[in-house]
Each structure stands twice: as structure tokens, then as C-alpha cells.
Amino acid sequence: LGVEAGDWAEIPATAAPGFVVRDCEFRDHRARGMRIQSSHGLVERNVIRGIQGAGISVGPEFGFWREAGWVEDVTVRDNTIEDVGRGSVVMERWGYPLAGITLFGRVEPDVPCPPANRGIVIERNTIDGCPAAGIHVSCAREVQVTGNTIAHTNYLAAGDGGPAGLPIIVDNAEQVAVEGNELTAIGEAP
């Protein structure tokens, strides 16, 4: 394989590809509701409520924990996410998965994160109550963010007299379609 000392090797077949998380409830937890680090999966019709971190985070953990690799072909749809992202991590400089739904990549410090997650669909989710963005897409390509309902987000900065941020953030990403999302009460706490 031409592997050298310091290289990383990943075996996606051991990361539960083809998974389905459906009709579950995740609530009152101090971390994330779901941490998706596998490919070819479906996350649908779940309720995530009272979570201190992100409701759903999708992407690899190459930096620090070294848990899993890039994610592809995952659909996140028809989930209800309420009252998330209220833990102190939202205000920390090192915080990274801070939206109601976060698509990201965690790599080594000072290493640019390539847009290597791909083929992700985030559709028809309801997000109500997150002091940061409702949806954040980063380190990805070929992503669809469509038909989501987002309310009462981005109120942390607005509550301090600052401007409310964007309810859907796309950065360090390519080929992202953001269409048909309903946005209300942005910058207003629930």
C-alpha cells in the first residue's frame, strides 16, 4: 500500500455502512443527540430534544479522538430537533459541531479541512431552538439542504446586542444546494 509512519488507514466496512436510525427519541443529554460517522445511511423521523451540543452531527473525527473517516451517501430527513446547542461548548473557541444539524470534519489543528464528505441530503427537518445556526455545512461537497423548517436560531449573538447570524451556514464546501427552506424568528430565543 505504500504506507509510511504517520499515515492513517481507514476501513469503512467496519463503520456500520448501510445503517438506519428511525423513529427514535434522544433527549436531555449533555453532548450531541447523534454522532453519525458512517456512510450509506438514513436518519429519519427522530426526535432530538434538550441536547447541550448539536442535535445531529455528521462527519469524521480525524483530529484528537481519531474515531472515523469521511461520510458519504447519508440522508437526514423528517427529524424534529428542539432546544439544542445550549451547552457552554457553543461559546468555546474550540467548539466545532454547534448547529442543530452539523455536517463537518474534524482534522488536526492548523490543517485545512477538505470538502471530502459527499452526497449528503438534509431535508424536511424541523429545527426550533438553537443559539447557533440551524444547519451548518462544512468540509463537504454534493450536499442538498432543502425543505427544512428553521425557527428560533442564532439568538446567542443577538441576545448580546449583536446581529443574528445566518440560520444556514455553508463554508468550506462545494456544490451545495440550499433551496425551499422556511426560516422564522431568527435571532429570537424560543
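The values are calculated or read from the model by the stated rules, or taken from the named source; none is laboratory data. Quantities reported herein were computed from a predicted structural model and do not represent experimental measurements. When we count neighbours, we look across all protein chains shown, and the Cβ atoms used for this are built from the backbone with ideal geometry, even at glycine. Calculation scope for accessible area: heavy atoms of the full protein, side chains included, ligands and nucleic acids excluded. Shrake-Rupley method; radii C 1.70, N 1.55, O 1.52, S 1.80 Å.
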Legend entry - Cut-off 15 Å, label 7 Å out along Cα→Cβ of residue 179, residues of the range 113-150 by amide N: 121-124, 142-148
Legend entry - For the chain, built as a Gaussian network whose Cα springs stay under 10 Å, the top-fluctuating residue of 180, 165, 129: 180
Legend entry - Heavy-atom accessible area ranking, 1.4 Å probe, most first, across 47, 170, 145: 170, 47, 145
Inset, instruction - Using a 1.4 angstrom probe on the protein heavy atoms only, line up 169, 150, 11 by accessible area, largest first. - result: 11, 169, 150
Legend entry - Cα-centre dipole for the chain with unit charges at Cβ (Lys and Arg positive, Asp and Glu negative), debye to 20: 340 debye
Inset, instruction - Using a 10 Å cut-off on Cβ atoms, rank the peptides 31-37, 13-19 from the highest mean neighbour count down. - result: 31-37, 13-19
Legend entry - Pairs of alpha carbons in the chain whose separation is greater than 19 Å (percent): 56 percent
Inset, instruction - For the chain, build the charge dipole from Cβ charges (+1 Lys, Arg; -1 Asp, Glu) around the Cα centre, then report which of 140, 70, 127 sits farthest towards its positive end. - result: 127
Inset, instruction - Return a whole-number percent for the relative contact order of the chain, with Cα pairs under 8 Å and 6 or more residues apart as the contact set. - result: 16 percent
Inset, instruction - Return the carbon/sulfur percentage of the accessible area of the chain, one whole number, probe 1.4 Å, all protein chains in place. - result: 50 percent
Legend entry - Cysteines without a disulfide-compatible neighbour (Cβ-Cβ under 4.7 Å), the chain: 24, 130
Inset, instruction - Give the accessible surface of the chain per residue, rounded to a whole number of Å², with probe radius 1.4 Å and ligands, DNA and RNA excluded. - result: 51 Å²
